[in-house]
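A short write-up of the structure that comes next.
The values are calculated or read from the model by the stated rules, or taken from the named source; none is laboratory data. Quick caveat, the model's predicted, so the values are computed rather than measured. Cβ placement follows ideal geometry from the backbone for every residue including glycine, while neighbour counts extend to all protein chains displayed.
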Amino acid sequence: MEQRTTELKKINIKQVDAFTSIPFGGNPAGVVTEASTISDDIKQKIAKEMNLSETAFVSQSEVADFKIQFFTPKFEVDLCGHATIGTFSALYEEGKLDLNKSKYYQETKAGVLPVELVTFNDKKIFMMNQPTPKFEMINMSKNEVANLLGLNEEDLLDIPPMKTNTGIWWLVFGVKELEKLKNAKLDLQTIEKISEKYKVIGIAPFCLETFNENYDYHMRAIAPYVGVVEDPVCGTGNGCVASYIVRNNLVKSNQQIDLIGEQGQEVDRPGCVYVNILIENGDISEVKVGGSAVTIISGEITY
């Protein structure tokens, strides 16, 4: 029998359901709020062990309130929306936020980004700034894109699919009917291949029809390339989809656009994301996404 000669180490960790106020809804993220002494190798192992779409690790920062790293089960990514919301909810819960202010800054690989604590409908929610969106055309036919969902090209909106980035790249495109998007037959093998080829995290198809009439769009986030078949409720995905919707004038726009995206019904983890977009001189100048979160597991990892 193998024997250990070194003392076991313990790390406090939480699982937080983000973009929901109801346990077992929204998108679960792992959160380690004290990770300054943990190596990136151990962080990656923890993320693989948690087997969630992302696990976030909070360290001390010299340029912001916190440094936050985000790991999928396979590798580190620059930014993660739901894990940011989950992380700041955990920091708030643990009394690690200075409540004399409402805006905080996180150092990420996507830059130093503000996160704001606001009250919405008597609920405390966190809104995170995402980088100003970038858009790129992609060398795929409409039919090739539709086939990723087992659909025909006439099922898609008459707007070109685009790579979109508000922190990480997603391939965004619109589907005309909610029923078609809901019952799509995912070609995961091809989605993984095109994600690697075009350097996107995955695909983010959306529809302007919704389950909840109070919301503005429905979306899915499919990312087998990073080990996530379907992300239940995705912050960066919603930032990209909402930016694509605004850029292509699919909603009435003025200097400030507020949208609510719904997601997760297909995997029985429904949630919603609040998106705020500012327009200056005809271009998107600021994107914020946010929501509430609830901790459902608190424990230790021993290694």
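See the values below:
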quantity	calculated
Qualifying residues in region 217-256 (those that are of a type in the set (Lys, Arg) and not in a helix (DSSP H, G or I)) - the one surrounded by the most Cβ atoms within 10 Å (Cβ to Cβ)	ARG220
Single match in SER253, SER285 (criterion: within 18 Å of TYR215 (Cα to Cα), among the small types (Gly, Ala, Ser) and not assigned by TED's automatic domain parsing to the domain that holds CYS80)	SER253
Test for PRO28: is it assigned by TED's automatic domain parsing to the domain that holds SER298, in a loop (DSSP other than H, G, I, E, B) and touching a residue at least 60 places away in the same chain (Cβ under 8 Å)	no
When residues of region 56-78 are limited to those that are touching a residue at least 40 places away in the same chain (Cβ under 8 Å) and assigned to a strand (DSSP E or B), the one nearest to GLY202 (Cα to Cα)	VAL77
Every residue from region 202-216 that is under 21 Å from LYS185 (Cβ atoms), touching a Phe, Trp or Tyr at 6+ places or on another chain (Cβ under 9 Å) and not in a strand (DSSP E or B)	GLY202, GLU209
Qualifying residue in region 144-158 (condition: free of Cβ contacts under 8 Å to residues at least 40 places away in the same chain, within 16 Å of SER243 (Cβ to Cβ) and in contact with a helix residue (DSSP H, G or I) (Cβ under 7 Å, 6 or more places away or on another chain))	no
Scan of region 33-55 for residues that are surrounded by fewer than 24 Cβ atoms within 10 Å (Cβ to Cβ) and not in a loop (DSSP other than H, G, I, E, B), ordered by number	ASP40, ASP41, ILE42, LYS43, GLN44, LYS45, ILE46, LYS48, GLU49, MET50
Qualifying residue in region 276-298 (condition: free of Cβ contacts under 8 Å to residues at least 40 places away in the same chain, of a type in the set (D, E, K, R) and farther than 21 Å from THR166 by Cβ)	no
Per-region count, region 140-197, residues assigned to a strand (DSSP E or B), out of contact with any Leu (no Cβ under 9 Å at 6 or more places or on another chain) and charged (D, E, K, R)	0
